[in-house]
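None of the figures in this text is laboratory data; all of them are computed from the coordinates on show. What you see is a predicted model, and the numbers here were worked out from it, not measured in a lab. Here the Cβ is made from the backbone with ideal geometry for all residues, glycine too, and neighbour counts use every protein chain on show.
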Amino acid sequence: MLGLKLATDPRWVDIAEKSIDEVLIDHAFCEQKAASTCISLIVNYPDKKRLVEELAPIVTEEWGHFRMVLSELEKRGYELGQQRKDEYVLALAKCIRKGGSRDQYLVERLLMSALIEARSCERFRLLSLHISDDSLKEFYHNLMVAEANHYTLFLELAKEYMPEEYVKQRFQEFLDEEAEILSSLELRGDRVH
């Protein structure tokens, strides 16, 4: 369903479980960045009526997820700490094409967001199936469903502003680049991506 070209290494869950505090901290910042990205898109494209209507509730939802992760951290006696550099997202950002039309740049941002949501969905699914902590299984199952919905929405929005064939082809290129990025990054259990 997600179209990812490279599955997460199955060892990731075991590694992540050993440093679940770090995963939760990173996850909190991921939710914060997701809300910020939606706000940025609304601020930069206020003339795109459907985009504004669809992303406004996502801002609220992502911020709610941030608060949920903060609550999970507090429940476990962990603190938020400092945000860390997200090598995965920084590498993906380099794949964005520059120099096209305003709508093309919007679609680049939407496709990158869709891809990040797809990878998060895949990782949350792995946690929901394989982590030994039952409360986190349910926690990540619910978030997996939300990420899948966001992934689909970003792809639908991209098709609103560029032809469907263009969006499909460009997303396939993003998927190829993402697989290369993922294969080049060290397998870390202290990050969502």
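Some observations on this one:
- Shape category assigned to region 72-170 from the gyration tensor of Cα positions, a/c cut at 1.5: prolate
- The shape of region 1-103 comes out oblate: with a ≥ b ≥ c from the C-alpha gyration tensor, a/c is at least 1.5 while a/b does not beat b/c.
- Computed [θ] at 222 nm, deg cm²/dmol, the chain (DSSP H ≥ 4; -39,500 (n - 2.57); rounded to nearest 500): -26000 deg cm²/dmol
- Per-pair calculated FRET efficiency, R0 = 25 Å: LYS98 and SER183 via Cβ, rounded to 0.05: 0.50
- The lysines within cross-link reach of LYS168, meaning a Cα-to-Cα straight distance under 19 Å and a gap of 8 or more places when in the same chain, are LYS5, LYS98, LYS159.
- Equivalent ellipsoid, region 112-193 (semi-axes from 5 times Cα gyration tensor eigenvalues, Å): 27, 17, 7
- The label-point distance for LEU80 and ASP9, in a model that sets each label 7 Å from Cα toward Cβ, rounds to 3.1 nm.
- Cα gyration tensor, the chain - rounded (a/c under 1.5), prolate or oblate: prolate
- Estimated FRET transfer efficiency (LYS49, LEU129; beta-carbon r; R0 35 Å; 0.05): 0.35
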